[in-house]
DNA sequence: TTTTATTGATTGATCAGTCAATCAAAAATA
DNA sequence: TATTTTTGATTGACTGATCAATCAATAAAA
């Protein structure tokens, strides 16, 4: 029972948070959504905070899994960059509820040290995934700046989605980020060591 | 007394929200910060929600004033673009408390229709300010895409600031956004009607 | 005197978290 | 197999704390 209930409660929390657009949801709401009593939620998680932390952990795990899968299918550095972008705007991630949940956790990170840790991990992974492939195509300093810029643009498009005014679609968001990458690759790579694509992986591992 | 108290309470709310990193602050906290009793805060604002709305309104007014000032000093379309960027990352706006407050309001917008309205106004102004000058330099469709991208990058850099991990500084944030603009202006402007700068204002008004 | 500013005390609602009691399934024992 | 014991799952009822909002009373100013 325990693993099933835990999963059900975490999923319920995600749905309720996304729906309500805030972490200020009650244990009762979550428990009701999961079809159990509030007392049971406390029984398994000890506290609301703990349940919330498991929830963000699950969000992060999902994103990582998707990223690993997408990266595995990409053959060139440039293709891997596109894969990272595509995963960020994948329908699952871009669903209004999910966007709202991420946003709520961003806000929560201002107060909860543990929540902040998870978001920092997310930010680092995104940056690192971009950087690993950019470094193959560009000098290190340019690669770092562009990784930073692309990560910011992804987050920005994501956040703006939450306002739901003039909603930029998935495809348009991807195109905008790709444009950025293309334009800056063109600008910044007048003299990388090798202009040719190198389909071989670098020796350094890649954070996922 | 009334105008003074109202201002003191709004300022106090901003500080408390920024400090606490969330809108889940009590009227008591805000009133204490302003040096009055909680009852007085209710007396002047009627409800917590109203005080919060006045608070975001004040944040938005400040940003607009700064933008108007900066735009007035800029002489060319390109300079006005830089002015818009600079204002977004101006020290006042980029202060951790202010960033935290904006983030908290973003999250609140998921639930409060009125808060959302204000943020949509912000998003539209930013987009419109960028678009007005980009349209002078580029064909309309390219201008629109780039305005969207630049706005997203600004918001993204801003949000990422809130995590305070590997904090990108003001200067670096400006540089990153300028790089984006330069790269895309170069890429997208092979054939605008006039390549030359036109220091004259267009006839269309510019939202501020 | 009338109006405005201000507050302490109180109320009513909401919630996280606790706990003792029930129920059911599995394990141990006869 | 039949019976008892143990263990885990589950909940309703309750508690204590927190907070927005109210209001009647006071002080000060006009």
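Sorted from nearest, the other copies put their residue B:42 label points 2.8 nm away, the label point being 7 Å from Cα in the direction of Cβ.
Residue by residue along A:162-174, Cβ atoms of other protein chains within 10 Å of the local Cβ number 3 on average. What residue among B:188, B:132, B:101 shows peak mean-square fluctuation when chain B is described by a Gaussian network model with Cα springs under 10 Å? Of B:188, B:132, B:101, the most mobile in the Gaussian network model is B:188.
Largest GNM mean-square fluctuation across A:158, A:122, A:44, computed for chain A with C-alpha springs under 10 Å, falls on A:44.
Using a cutoff of 8 angstrom between alpha carbon atoms and counting only pairs six or more residues apart, the relative contact order for segment A:48-188 works out to 26 percent. For the protein assembly as shown, the share of alpha carbon pairs falling in successive 20 Å distance bins from zero is 25, 54, 20, 1 percent. For the segment A:179-186, counting C-beta atoms of other chains within 10 Å of every residue's C-beta and taking the mean gives 6. Distances from residue A:61 to itself in the other copies, using label points 7 Å out along the Cα-Cβ axis, amount to 4.9 nm in increasing order.
Between the helical axis of B:2-20 and the dominant principal axis of chain B, each derived from Cα atoms, what acute angle in degrees is found, rounded to the nearest 10? So the helix axis and the longest Cα principal axis differ by about 80 degrees. Compared with the dominant Cα axis of chain A, that is its longest principal axis, helix A:96-108 is turned about 90°. Using alpha carbons only, how many angstrom separate the centre of segment A:35-81 from the centre of segment A:96-160? With segment A:35-81 and segment A:96-160 each reduced to a Cα centre, they are spaced 16 Å. Counting only DSSP H runs of at least 4 residues, each contributing -39500 (n - 2.57), and dividing by the residue count of chain B, the helix-based mean residue ellipticity at 222 nm comes to -24500 deg cm²/dmol. Would you mind checking the tilt of helix A:140-161 against the longest principal axis of the Cα atoms of chain A, expressed as 0 to 90 degrees and rounded to 10? It works out to around 40 degrees.
Debye-formula intensities of segment B:48-188, expressed as log10 I(q)/I(0) at q = 0.12, 0.22 Å⁻¹, are -0.49, -1.43 (one equal scatterer per alpha-carbon, no solvent). Among the residues of A:102-110, the average count of other protein chain beta-carbon atoms within 10 Å of the residue beta-carbon is 6.
If we hang a label 7 Å off Cα along the beta carbon direction at residue B:3, how far is it from the matching labels on the other copies, in nm, shortest first? The answer, with the shortest distance listed first, is 6.7 nm. Residue of chain B with the Cβ closest to the rotation axis carrying B onto A, and that distance rounded to whole Å: B:156, 1.
FYI, it's all coordinate maths here, none of it is from the lab. Since the structure is predicted, the reported quantities are computational estimates derived from the model, not experimental observations. No Cβ is skipped: glycine too gets one built from the backbone with ideal geometry, and neighbour counts run over all protein chains shown.
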